[in-house]
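Q: Questions regarding the structure given below will be posed in turn.
The values are calculated or read from the model by the stated rules, or taken from the named source; none is laboratory data. For clarity, every value in this text was computed on a predicted model and none was experimentally measured. Virtual Cβ from ideal backbone geometry, glycine too; neighbours counted across all protein chains shown. Only protein heavy atoms, including side chains, enter the accessible area calculation; ligands, DNA and RNA are left aside. Shrake-Rupley method; radii C 1.70, N 1.55, O 1.52, S 1.80 Å.
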Amino acid sequence: MLSKRIIPCLDVRDGRLTKGIRFKGNVDIGDPVETAAHYYREGADEIVFYDITASSEKRGIMIETVRKVAERIFIPFSVGGGIRNLDDMRGVLLAGAEKVSVNSSAVRDPGIISRGAESFGSQCIVLGMDVKKTGATVDIPSGYEVVIDGGRTPVGMDALRWAMKGESLGAGEICLNSIDADGTKEGYDLELNRLISSNVGIPVIASGGAGRPEHIYEVLRDNRADAALIASMTHYGTFTIRDIKTFLHDRGIKVRINW
Amino acid sequence: MVYIFSIMIAIIDYKAGNLTSVKRALDFLGRASSITNDYSAIMDAERLIFPGVGAAGSAMADLRSRKVDRAITDFFRSRKPILGICLGTQIIMEKSHENDTRCLGLIKGEVLRFPGNLLEGDGTRLKVPHMGWNSVKVKRKHPLFAEMDPGSEFYFVHSYYPVPELPDNILGETDYGIRFASVLVSGNMAATQFHPEKSGRPGLQILDNFCEWDGKEYVE
């Protein structure tokens, strides 16, 4: 039986983590490579890097980071942020990432999903979605709207329709971030995750709102999601991956506990 | 003076492979390897790894156009150890239903797609591809799984799975709605449907075990 995945997310800017991550034991690590190695040892099932480097001339730094990470960790990891074309994808994948994720760039140019899937395989292409609750309207029948540019720009597109279109274009996975829940530490948007997950045939990673292991349990049970993205709850030493997995395992969720 | 070194581990070079991640894992283990599609370099190697991600049809076409299909077959007959990974594990079968592809035929049987209506024991619908960590039930002793914790999990990403005709070719099985053969063996060849190079410590153990394997079928 397949295990549910626990996936730490690391925000990187100009080759450094954006927030001072401080694990249990009080080690402050600003280096994404060391942090990824730490999470690898601690039992993360996968790692997501989100590159928020603004200037294009510094984009090469991320490739170098990816290369160093790939020498140290032997689990899959993905890179998102600023992936605009096949060359961006190729660069990140050749440097050693398993997957790339596209978000705003896929809304602007949905063909990037199909071109990426044709060139590198669907398993490489993650559709990142930032979603805001709006209430059902004629244009947004699911009541969830897609927003881009880090949650700033609503695009008038229904989230469920976009998820299904992303799947048909060849995305191999969806990373579903709730803008409303993000940063609240009050739990994932369960309704959103169930809605998307039950209507697509590809895995869904729940994102936004995790504050306690209970939140992860709620979103993973009954197949609301296939994986859970976490950030602050482990970045600052409040919980370890082992704490989370033990909690889930004790409640009958299948997770990888041997690593 | 010219020294000619033969490659210790040859990694087959073709379009469909995630070659660098296999090489990086071997580098980490201190095992010298080289990515090549040169026939004599492959045949001179001590052992061969045949990785792959992508689709069966284009992978076979690429192997044929580079004439690497013959190298793999000849290496298999040479009795030196050979390891297939993921798509590599499917391409050693006779035929794949993916793109209706005739494959290498080193192991009897076909490659099928996971049905779209797979259900887990509790009735939940399973997604295709089978993506993530899953366990392997090893059916008999084999050097590839030496010193392996039976609770170990491995990283899978695939929509198709091999169905060997002969039960003897099945070393390990995995459950995903159905039970499928996730590790195959035939004499000096072993093949894993999962990615050992992306499966953490147990995966590295598999690669290290392969590097120590003499290519003989283990007899209890």
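Q: Can you name every residue in region B:150-196 that is within 14 Å of chain A (Cβ to nearest Cβ), out of contact with any Leu (no Cβ under 9 Å at 6 or more places or on another chain) and surrounded by fewer than 21 Cβ atoms within 10 Å (Cβ to Cβ)?
A: B:PRO150, B:GLY151, B:SER159, B:GLU173, B:ARG179 - these are the residues of region B:150-196 that are within 14 Å of chain A (Cβ to nearest Cβ), out of contact with any Leu (no Cβ under 9 Å at 6 or more places or on another chain) and surrounded by fewer than 21 Cβ atoms within 10 Å (Cβ to Cβ).
Q: Do we find that B:ASP27 is within 14 Å of chain A (Cβ to nearest Cβ), of a type outside the set (A, V, I, L, M) and surrounded by fewer than 22 Cβ atoms within 10 Å (Cβ to Cβ) in this structure?
A: Considered against the rule, which asks whether it is within 14 Å of chain A (Cβ to nearest Cβ), of a type outside the set (A, V, I, L, M) and surrounded by fewer than 22 Cβ atoms within 10 Å (Cβ to Cβ), B:ASP27 comes out as yes.
Q: Residue by residue through region A:79-124, note down the ones that are buried (at least 19 other Cβ atoms within 10 Å of the Cβ), within 12 Å of another protein chain (Cβ to nearest Cβ) and not in a helix (DSSP H, G or I).
A: A:GLY96, A:ALA97, A:GLU98, A:LYS99, A:GLY121
Q: Quick check: anything in region B:48-57 within 13 Å of chain A (Cβ to nearest Cβ) and part of a helix (DSSP H, G or I)?
A: Scanning region B:48-57, I find at least one residue that is within 13 Å of chain A (Cβ to nearest Cβ) and part of a helix (DSSP H, G or I), so the answer is yes.
Q: Are any residues in region B:140-149 open to solvent by 40 Å² or more (accessible area, probe 1.4 Å) and within 14 Å of chain A (Cβ to nearest Cβ), and if so, which ones?
A: B:GLU147, B:ASP149 - these are the residues of region B:140-149 that are open to solvent by 40 Å² or more (accessible area, probe 1.4 Å) and within 14 Å of chain A (Cβ to nearest Cβ).
Q: Right, here's the next one. Residues A:GLU57, A:GLU71: which one is farther than 25 Å from A:ILE196 by Cα, away from chain B (no Cβ under 14 Å) and outside any loop (DSSP other than H, G, I, E, B)?
A: Answer to the check: A:GLU57.
Q: Next up: Tell me, which residue of region A:169-205 that is open to solvent by 60 Å² or more (accessible area, probe 1.4 Å) and away from chain B (no Cβ under 14 Å) is farthest from A:THR234 (Cα to Cα)?
A: If we take residues in region A:169-205 being open to solvent by 60 Å² or more (accessible area, probe 1.4 Å) and away from chain B (no Cβ under 14 Å), then A:GLU191 is farthest from A:THR234 (Cα to Cα).
Q: In region B:63-93, which residue that is part of a helix (DSSP H, G or I) and of a type in the set (S, T, N, Q) is farthest from the chain's Cα centre (by Cα)?
A: B:SER65
Q: Across region A:1-17, which residue is modelled with the highest pLDDT among those that are open to solvent by less than 50 Å² (accessible area, probe 1.4 Å) and outside any strand (DSSP E or B)?
A: It comes out as A:SER3.
Q: Need the failing condition index for B:SER199 against (1) surrounded by 24 or more Cβ atoms within 10 Å (Cβ to Cβ); (2) away from chain A (no Cβ under 14 Å); (3) hydroxyl-bearing (Ser, Thr, Tyr), just the number.
A: (2)
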